[in-house]
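Notes follow the structure.
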Amino acid sequence: MAPESMSMKTVFVLNGPNLNLLGQREPAVYGMHTLADVQQLCAAACARHGFALRFHQSNHEGALLDWIHEAGRMHASGELAGVVINAGAYTHTSIALHDATKGTGITLIELHISNVHAREPFRHHSHMAAAAKAVLCGFGVPGYGLAIDGLAQMQPPAA
């Protein structure tokens with residue numbers, strides 16, 4: 001945990017299209033946890049590491065871009081620990097999300113609940129991966145906590 005004199009760093013957890021349907025959509029693939037369950041898990045993981053949490057979901061690419069840009073401003077001011085993104089289908093289609101990540105200089109972890117490499121061939125390519133610090137897939141919903149743990153490990157040592 002950071003000393004009192006230092007401000008708490010923030011983790012953005014961004015969720016793309018259809019993740020609002022967690023618990024309903026293809027439970028054999030995505031499990032029975034809801035997005036609210038994911039948010040609780042992320043809040044607990046952030047609390048363990050002394051991070052503040054910004055948790056968002058949108059079915060709209062532009063909203064995800066706006067949050068990455070906001071995270072970039074926080075990164076520039078030293079307030080950001082990093083971003084965990086489950087971009088859903090945008091992973092495989094959005095050059096804009098890749099460009100935003102590269103343009104802001106944020107530390108980004110790409111996350112997928114399922115093992116995308118064991119699924120349809122169109123899911124095997126990620127536009128995000130080249131801009132990400134790490135990629136995590138196939139751990140189910142607990143992968144979100146693992147990603148936040150990973151961000152904590154990537155933080156520079158306190159001065």
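Laboratory data are not the source of any read-out in this text; all were calculated from the coordinates shown. In this text, all values refer to a predicted model and were calculated from it rather than measured experimentally. Quick reminder, even Gly has a Cβ in these numbers, built from the backbone with ideal geometry, and neighbours come from all protein chains shown.
Once backbone amide H atoms are built at 1.01 Å from N, Cys137 has His112 as its partners under 5 Å, excluding neighbours fewer than 5 places away on the same chain.
Could you work out the local net charge near Glu79, counting Lys and Arg as +1, Asp and Glu as -1, over the other residues with Cβ closer than 10 Å to its Cβ? Mind showing how you got there, number by number?
On the way: positive: Lys9, Arg73; negative: none.
Neighbour charge sum, excluding Glu79 itself: +2.
Close amide H pairs (under 5 Å, H built 1.01 Å from N) link Val84 with Phe12, Val13, Leu14, Ile109, residues at least 5 positions away or on another chain.
Tell me whether region 1-79 comes out rounded, prolate or oblate; compute the Cα gyration tensor, take square roots of the eigenvalues as a ≥ b ≥ c, and use a/c under 1.5 as the rounded threshold. Cα axes put region 1-79 in the oblate bin.
Report, in deg cm²/dmol and to the nearest 500, the calculated mean residue ellipticity at 222 nm for the chain, where each DSSP H run with n ≥ 4 adds -39500 (n - 2.57) and the sum is divided by the residue count.
It comes out at -11000 deg cm²/dmol, rounded to the nearest 500.
Measuring between their Cα centroids, region 25-77 and region 142-159 lie 14 Å from each other.
Mean sequence separation of contacting Cα pairs (under 8 Å, at least six apart), scaled by the length of the chain, corresponds to a relative contact order of 26 percent.
Evaluate the charge dipole of region 33-154 about its Cα centre and quote only its size in Debye, nearest 20, assuming +1 on the Cβ of each Lys and Arg and -1 on the Cβ of each Asp and Glu.
Values: 7 positive and 9 negative charges, 36 e Å.
For this selection, approximately 180 debye.
Ranking Asn59, Ala132, Ala89 by how far each Cα lies toward the positive end of the dipole of region 33-154 (charges on Cβ) leaves Ala132 at the top. Listed peptides 96-102, 55-61 appear in the order 96-102, 55-61 once ranked by packing, highest mean of other Cβ atoms within 10 Å at the front. Close amide-amide hydrogen proximity is noted between Leu22 and Leu35, each under 5 Å apart and 5 or more residues distant or on a separate chain (H modeled in the peptide plane; Pro and chain starts excluded).
Once you wrap a convex hull around the alpha carbon atoms of region 33-154, what is its projected area averaged over all directions, in nm²? Write out the running numbers ahead of the final one.
Details: hull surface 27.7 nm².
Projected over every direction and averaged, the Cα hull of region 33-154 covers 6.9 nm².
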